[in-house]
Amino acid sequence: MNATAAMPQSTKKPPVQKEDAMWLQKEMINRNYHELATAREQGRKVAATFVPGNLNELLMCFDFARSLPETNALQNGLRKKSGKFILDAERDGQSEDVCNYVKADLGMMLGGEIGPTGEALPKPDILLLSYTGCFTFMKWFELIRHKYGCESVMLHVPYQGEGKIAPNMRNYVVKQLKETVIPTLERISGVKFDIDRLRQYMKESTKAEEDLVAVLQSAKHRPSPIDGYFGAVYYIGPIFTAFRGTPEATEFYRVLRQEIEQRLREGKGPITPDGEMGEEKYRLVVEGPPNWTSFREFWKMFYDEGAVVVTSTYAKVGGVYDFGFRHDPEHPIESLAEYCLGCYTNLNLPSRIDMICKYIDDYQADGLLINSIKSCNSFSAGQLLILREVERRTGKPAAFIETDLVDPRYFSASNVKNRLESYLQMVKQKRAAAPAAH
Amino acid sequence: MTTVAPVIQIVERCQALFEDLELNAVKQWKAAVPGRKAIGYMPIYVPRELVHAAGMLSVGILGGGDQIEVIQGDAYYQSYICRIPRSTIELALTGRLDCLDGMLFPSICDVIRNLSGMWQILFKDKYVRYFDVPQNYEDAIGGTFYINELQALRDDLGKLRGVPITDEDLNASIRVYNANRRAVQDLYAYRAKNPWQAPTSEVYLVLRAGMVLPPEEHTQLVRDYIAAAEALRRPKRDNARVVLNGSFCEQPPLGLIKSIEMAGCYVVDDDFMLVTRWLLDDVPASGKPLEELSKAFLHRSATTAAKYDAKREDKGVFLLERIKTSGAEGVIFAAPSFCDPALLERPMLQDVLSQHKVPHTAFKYAENTGQMAPIREQAGTFADSIKLWSTT
């Protein structure tokens, strides 16, 4: 187990400005890579799984070291390694048309599975395929399985096509967990399932979830003490990956919340890589994942203009906690099912639009910006209708930019900057036309 | 005066149905009896038996092909998303789908899935359902889920017609579709045996007619086509026998199918309109209909990229079996651009084929692809290589 109660102390001397919690987050993620790299010497089995529908508490019940291929891909994107991996995967037969997360991951495998931190990652013993909100996940793990020859286990999570979780959907997920997933994890790990252990992890999860929501919702204040998109990436890191349910994550979120509440009391805005953000001029809601290959450059375009993202749908991709969902230790299996069914990309388009409109209202946002990702049909298909509907319902301006997750070929800085600046001009004009509203 | 051969007459009728984006056949069917309803569906599979049991016409919607200029539809999609949703939206926004009382969007990929939500927003007066199918193939798990999904659809359609659908209604419809499937299977077997007698450009049109005709009529049409095709002797060529794989959703233009044939390939199996033969054999029509439909789906259904292979060794088995059954000498992977399921599946299938020394080639298309020369060249080279060098 990698759970420890003590909050680790950061020893890094930052060349860029970050909150302490941001540095700690980075260290936690790096430490997980080290745990993965040394899993074999420690006699541990390795499970790979996805961020949406991530069953971290369950995997910990079987002592698995946890690898998240999406996180590997994005970390490689941040470290400018993904471009080569994608080209390698394309040379190996993958189409240029398909998801670049998949290709970045496959490219990493082709290069000897050297992880983002430079340590070799082990071949997984089990691929836990949480088929939540993304069809491509299924093919992704089939491809990895085809290369590695390791076993996979499917957790099929039905889509909320009708905008709600029907009992049939919940029962189906619960049954799969009880009759397929848990027995498979027991067999692979050699560890018997202990539901009380799961409950214990979930108690930790709920504390962390409570604090995360407080942090994310702090952006309702003016000025917002956080950036709910670029900054939130750091905040969601532990809870969306291998740490949800650990005391370490609980402590991380407790400290983070304190830090943010302190900023709130002091009336400070977000910390950016260039230090404290200046005057908050624009408050935006963002839909869609960020670009990772030029992450800092992308963020700078916003804070240079005084634009803060007060909330984002991407920060809900690994769990929609701000509308009340919490893992429930009293009903742990059912709670895991609810969690998977409720992840953002598992919501239908009308529900996503409702959510964005509510965000614009609750966070007093100036409008919506959609970062449409070439790789991600789950997010992207339908976003132009989302844009129109949100504009129609809120009367707030919306704008559309296009980038990719980890393929540097799809990030055109000048285009993105032009679009963003034009959009902010439009917001300004709208304000001028309706001064009473601001 | 020259007499047009019956097979040509049948094909011409099918071609007219194929080209009729106004869905006049559906309108005529509805007009024949007041109160009739029609339900559209997208690829790959929906249980059409339920729609039929409700007394409704199920209508396969496969995009606009190369016949319409997409103007409004492009405003809803980014350039990196496949073409079928944008031309489908175009069809709807231009009133061509007004005769449909509802739409079913099966679980196939994220794009079609999200299109269901767009339909809910854009066409609020229509019945819309995202039809989920299980990826767990245990009767007690995926089967239970699926039976409940079938029941929900059955309830919805019953409400839409104003009278619940009985088991007797459903069993009668299961019989109708069993007959249709047998006819289509016979057509495929006939083509595999005599591909020069039943070119795929014709078989395709006969199959497409089943997207707008009532199943009883389509079954007869298929039977008539087989008989008429057999009656007209056509020259047999030394073509390469190929399976076409990856065209299960967005359709290639008819010209592309013709180009492959003209390049020296006999297409002896394909995955066009899998809904017509998704279930591999008869569904028992005297028991509990939903349970029987579920068992057929779970245990006796086709395999394609949208379906999870539970084990690594399952990958490609269905394709290899099709190659064997149809006597194919190679596989052409023809997938729509930006089709995640087909394009992500392809490298795995290619690997399996390579291991089994089955020749294969691959290209992409869009439903409005206009340049056929490169495809003809590639398919021609592939056919030549099979004829000249293949050891199988």
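The values are calculated or read from the model by the stated rules, or taken from the named source; none is laboratory data. Keep in mind the model is a prediction, meaning the values are calculated, not measured. Because the Cβ atoms are built from the backbone with ideal geometry, glycine has one as well, and the counts that use them run over all protein chains shown. For accessibility, only protein heavy atoms count, side chains too; no ligands or nucleic acids. Shrake-Rupley method; radii C 1.70, N 1.55, O 1.52, S 1.80 Å.
Name the residues in the range B:176-196 that are crowded, with 16+ Cβ neighbours inside 10 Å and among the basic types (Lys, Arg), would you?
Listed by number, the residues that qualify are B:Arg181, B:Arg182, B:Arg191.
Taking the condition of being touching a residue at least 24 places away in the same chain (Cβ under 8 Å) and either part of a loop (DSSP other than H, G, I, E, B) or away from every other protein chain (no Cβ under 13 Å) (or both), how many residues in the range A:409-426 meet it?
Here is the first cut: in the range A:409-426, the residues touching a residue at least 24 places away in the same chain (Cβ under 8 Å) are A:409-411, A:413, A:416-417, A:420-421, A:423-424, A:426.
Right, trim to either part of a loop (DSSP other than H, G, I, E, B) or away from every other protein chain (no Cβ under 13 Å) (or both) and you get A:411, A:413, A:416-417, A:420-421, A:423-424, A:426.
Qualifying residue count, the range A:409-426: 9.
Report, by residue number, each residue of the range A:286-306 that is surrounded by fewer than 23 Cβ atoms within 10 Å (Cβ to Cβ) and among the aliphatic types (A, V, I, L, M).
If the condition is that a residue be surrounded by fewer than 23 Cβ atoms within 10 Å (Cβ to Cβ) and among the aliphatic types (A, V, I, L, M), then A:Met301 is the only one that fits.
I'd like the residue in the range A:108-151 that is facing chain B (nearest Cβ under 10 Å) and charged (D, E, K, R) and, out of all such residues, is farthest from A:Arg170 (Cα to Cα).
Filtering the range A:108-151 for residues that are facing chain B (nearest Cβ under 10 Å) and charged (D, E, K, R), the one farthest from A:Arg170 (Cα to Cα) comes out as A:Lys147.
Just checking, which of A:Pro270, A:Pro223 is buried (at least 23 other Cβ atoms within 10 Å of the Cβ), more than 20 Å from A:Asn30 (Cβ to Cβ) and not charged (D, E, K, R)? I'd like the intermediate steps shown before the answer.
On the way: A:Pro223 fails: buried (at least 23 other Cβ atoms within 10 Å of the Cβ).
From the options A:Pro270, A:Pro223, the qualifying one is A:Pro270.
Look at the range A:147-159 and say how many of its residues are within 19 Å of B:Gly143 (Cα to Cα) and of a type outside the set (Phe, Trp, Tyr).
Here is the first cut: in the range A:147-159, the ones within 19 Å of B:Gly143 (Cα to Cα) are A:153-159.
Next, from what is left, pick out any that are of a type outside the set (Phe, Trp, Tyr): A:153-158.
Qualifying residue count, the range A:147-159: 6.
Output the number of residues of the range B:197-229 satisfying the condition of being of a type in the set (A, V, I, L, M, F, W, C), touching a strand residue (DSSP E or B) at 6+ places or on another chain (Cβ under 7 Å) and open to solvent by 10 Å² or more (accessible area, probe 1.4 Å). Working first, answer last.
Taking the range B:197-229 first, the residues of a type in the set (A, V, I, L, M, F, W, C) are B:198, B:203, B:205-207, B:209, B:211-213, B:221-222, B:226-229.
Subsequent filtering for residues that are touching a strand residue (DSSP E or B) at 6+ places or on another chain (Cβ under 7 Å) retains B:211-212.
With the extra rule that they be open to solvent by 10 Å² or more (accessible area, probe 1.4 Å), the set shrinks to B:212.
So the count comes out to 1.
Considering only the range B:69-91, I want to know if a residue exists there that is over 30 Å from B:Ala285 (Cα atoms), of a type in the set (Phe, Trp, Tyr) and outside any helix (DSSP H, G or I). Write out each step before concluding.
In the first step, residues of the range B:69-91 are kept if they are over 30 Å from B:Ala285 (Cα atoms); the result is B:69-91.
Filter again for of a type in the set (Phe, Trp, Tyr), leaving B:76-77, B:80.
Those left that are additionally outside any helix (DSSP H, G or I): B:77, B:80.
Scanning the range B:69-91 turns up at least one residue that is over 30 Å from B:Ala285 (Cα atoms), of a type in the set (Phe, Trp, Tyr) and outside any helix (DSSP H, G or I).
Does any residue of the range B:280-292 turn out to be out of contact with any Pro (no Cβ under 6 Å at 6 or more places or on another chain), in a strand (DSSP E or B) and surrounded by 22 or more Cβ atoms within 10 Å (Cβ to Cβ)?
no
For the range A:342-408, which fully contained helices (runs of 4 or more DSSP H) count at least 2 residues that are touching an Asp or Glu at 6+ places or on another chain (Cβ under 9 Å), β-branched (Val, Ile, Thr) and open to solvent by less than 10 Å² (accessible area, probe 1.4 Å)? Quick ask: steps written out before the conclusion?
On the way: elements: A:349-362, A:377-380, A:383-394.
Output list reads A:349-362, A:383-394.
Select from the range B:79-96 the residues that are open to solvent by 10 Å² or more (accessible area, probe 1.4 Å) and touching a residue at least 40 places away in the same chain (Cβ under 8 Å) and list them in ascending order.
Within the range B:79-96, B:Tyr80, B:Cys82, B:Arg83, B:Arg96 qualify.
Determine which member of the set A:Arg283, A:Arg257, A:Arg244 is buried (at least 19 other Cβ atoms within 10 Å of the Cβ), charged (D, E, K, R), part of a helix (DSSP H, G or I) and at pLDDT 95 or above.
Values: A:Arg283 fails: part of a helix (DSSP H, G or I); A:Arg244 fails: part of a helix (DSSP H, G or I).
Of the residues listed, the single one that is buried (at least 19 other Cβ atoms within 10 Å of the Cβ), charged (D, E, K, R), part of a helix (DSSP H, G or I) and at pLDDT 95 or above is A:Arg257.
Would you be able to tell me the number of residues in the range B:139-163 that are within 11 Å of another protein chain (Cβ to nearest Cβ) and either in contact with a strand residue (DSSP E or B) (Cβ under 6 Å, 6 or more places away or on another chain) or without any contact (Cβ under 8 Å) to a residue 40 or more places away in the chain (or both)?
Total meeting the criteria: 8.
Could you check the range B:301-336 and list, in sequence order, the residues that are free of Cβ contacts under 8 Å to residues at least 60 places away in the same chain and open to solvent by 60 Å² or more (accessible area, probe 1.4 Å)?
Matches in the range B:301-336: B:Lys311, B:Arg312, B:Glu313, B:Val317, B:Glu321, B:Lys324.
Does A:Arg187 meet the test of being part of a helix (DSSP H, G or I), open to solvent by 20 Å² or more (accessible area, probe 1.4 Å) and free of Cβ contacts under 8 Å to residues at least 40 places away in the same chain?
Working: part of a helix (DSSP H, G or I): yes; open to solvent by 20 Å² or more (accessible area, probe 1.4 Å): yes; free of Cβ contacts under 8 Å to residues at least 40 places away in the same chain: yes.
Criteria met by A:Arg187.
Looking only at the range B:370-392, count how many residues are β-branched (Val, Ile, Thr) and not in a loop (DSSP other than H, G, I, E, B). Quick ask: steps written out before the conclusion?
Initially, the range B:370-392 is screened for residues β-branched (Val, Ile, Thr), giving B:375, B:381, B:386, B:391-392.
Now drop any that are not not in a loop (DSSP other than H, G, I, E, B), which leaves B:375, B:381, B:386.
The qualifying residues number 3.
Mind telling me which of the residues A:Arg145, A:Arg170 ends up being open to solvent by 10 Å² or more (accessible area, probe 1.4 Å) and either assigned to a helix (DSSP H, G or I) or within 30 Å of A:Lys300 (Cβ to Cβ) (or both)? Can you show your working first?
Details: A:Arg145 fails: open to solvent by 10 Å² or more (accessible area, probe 1.4 Å).
Sole residue among the options that is open to solvent by 10 Å² or more (accessible area, probe 1.4 Å) and either assigned to a helix (DSSP H, G or I) or within 30 Å of A:Lys300 (Cβ to Cβ) (or both): A:Arg170.
For the range B:16-44, how many residues meet the condition of being surrounded by fewer than 17 Cβ atoms within 10 Å (Cβ to Cβ) and either more than 18 Å from the chain's Cα centre (by Cα) or in a helix (DSSP H, G or I) (or both)?
Residues in the range B:16-44 being surrounded by fewer than 17 Cβ atoms within 10 Å (Cβ to Cβ) and either more than 18 Å from the chain's Cα centre (by Cα) or in a helix (DSSP H, G or I) (or both): 12 in total.
Please work out which residue is nearest to the other protein chains (Cβ to nearest Cβ), limiting yourself to the range A:318-341 and to residues that are outside any helix (DSSP H, G or I) and open to solvent by less than 10 Å² (accessible area, probe 1.4 Å). If you could, list the steps in order and put the result at the bottom.
Taking the range A:318-341 first, the residues outside any helix (DSSP H, G or I) are A:318-331.
From the residues that got through so far, the ones that are open to solvent by less than 10 Å² (accessible area, probe 1.4 Å) too are A:318-319, A:321, A:327.
Values: A:Gly318: 17, A:Gly319: 19, A:Tyr321: 23, A:His327: 23 Å.
Among them, the one singled out is A:Gly318.
Quick one: what pairs do we get from the range A:116-139, first residue free of Cβ contacts under 8 Å to residues at least 40 places away in the same chain, second in a strand (DSSP E or B) and open to solvent by 10 Å² or more (accessible area, probe 1.4 Å), C-beta under 6 Å, 6+ apart or different chains?
A:Met138/A:Tyr131
Any chance you could count how many residues in the range A:153-162 are at the interface with chain B (Cβ under 8 Å from one of its Cβ atoms) and either farther than 23 Å from B:Val352 by Cβ or among the small types (Gly, Ala, Ser) (or both)? Reasoning before the result, please.
Let us first name the residues in the range A:153-162 that are at the interface with chain B (Cβ under 8 Å from one of its Cβ atoms), namely A:154, A:156, A:158-159, A:161-162.
If we keep only those that are either farther than 23 Å from B:Val352 by Cβ or among the small types (Gly, Ala, Ser) (or both) too, we end up with A:156, A:158-159, A:161-162.
Qualifying residue count, the range A:153-162: 5.
Find the residue count for the range A:85-105, including only residues that are open to solvent by 10 Å² or more (accessible area, probe 1.4 Å), part of a helix (DSSP H, G or I) and farther than 17 Å from A:Asn291 by Cβ.
Matching residues across the range A:85-105 total 4.
Residues B:Leu244, B:Leu256: which one is under 18 Å from B:Gln15 (Cα atoms) and open to solvent by less than 10 Å² (accessible area, probe 1.4 Å)? Let's see the steps before the verdict.
Details: B:Leu244 fails: under 18 Å from B:Gln15 (Cα atoms).
The match here is B:Leu256.
I'd like the full set of residues that are part of a strand (DSSP E or B), more than 10 Å from chain A (Cβ to nearest Cβ) and not aliphatic (A, V, I, L, M), limited to the range B:329-369. Write out each step before concluding.
To start, the set of residues in the range B:329-369 that are part of a strand (DSSP E or B) comprises B:330-336, B:360-365.
From what is left, the residues that are more than 10 Å from chain A (Cβ to nearest Cβ) are B:330-334, B:360-361, B:363, B:365.
Result: B:Gly330, B:Phe333, B:His360, B:Thr361, B:Phe363, B:Tyr365.
Given A:Ile182, A:Ile195, which one is open to solvent by 30 Å² or more (accessible area, probe 1.4 Å), within 21 Å of A:Ala337 (Cβ to Cβ) and not polar (S, T, N, Q)?
Values: A:Ile182 fails: open to solvent by 30 Å² or more (accessible area, probe 1.4 Å).
When all the criteria are applied, what remains is A:Ile195.
Any residue at all in the range B:111-123 that's among the aliphatic types (A, V, I, L, M), open to solvent by 10 Å² or more (accessible area, probe 1.4 Å) and either facing chain A (nearest Cβ under 7 Å) or within 23 Å of B:Asp20 (Cα to Cα) (or both)?
Yes, that holds for at least one residue.
How many residues does the range A:286-317 hold that are touching a Cys at 6+ places or on another chain (Cβ under 8 Å), in a loop (DSSP other than H, G, I, E, B) and under 25 Å from A:Asp211 (Cβ atoms)?
Narrowing the range A:286-317 to residues touching a Cys at 6+ places or on another chain (Cβ under 8 Å): A:288-289, A:316-317.
If we keep only those that are in a loop (DSSP other than H, G, I, E, B) too, we end up with A:288-289, A:317.
Next, only the ones that are under 25 Å from A:Asp211 (Cβ atoms) stay: A:289, A:317.
Counting residues in the range A:286-317 that are touching a Cys at 6+ places or on another chain (Cβ under 8 Å), in a loop (DSSP other than H, G, I, E, B) and under 25 Å from A:Asp211 (Cβ atoms) gives 2.
Taking the condition surrounded by fewer than 23 Cβ atoms within 10 Å (Cβ to Cβ), away from chain B (no Cβ under 13 Å) and outside any helix (DSSP H, G or I), does A:Asp63 pass?
In short, yes.
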